[in-house]
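Presented below is the structure to which this report refers.
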């Protein structure tokens, strides 16, 4: 990201944030929403229905969660 990036920056430690996770959460949520929107737009423009695209996105998210859980065990 550049200085002209439309994304908000992470909160600094002096902004009364208790953890780095709290500082990053708003940015993470914003980026997650943008990624999902772009994936949906790409799928629809390729001829898939929005429902099919959302189902595929949900399946990708489940796969990511399972991969993370496998790595932690």
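The numbers here are math on the coordinates, done by the rules we state, and not lab data. Nothing here was measured: the structure is a model prediction, and the numbers come from that model.
Values for this structure:
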read-out	value
Correct option for Rg and Dmax of the Cα atoms in Å [calculated from the coordinates] among (1) 16.2, 48; (2) 11.5, 36; (3) 18.5, 68	(1)
Length-normalised contact order of the chain in % [C-alpha pairs under 8 Å, at least 6 apart]	18 percent
Net lengthening on full extension, residue 19/residue 42 (0.36 nm per residue, minus Cα-Cα)	4.8 nm
Rounded tilt (10° steps) of 20-45 against the dominant C-alpha axis of the chain	20 degrees
Debye log10 I(q)/I(0) for the range 32-72, one point scatterer per Cα, at q = 0.16, 0.22, 0.33 Å⁻¹	-0.44, -0.69, -1.04
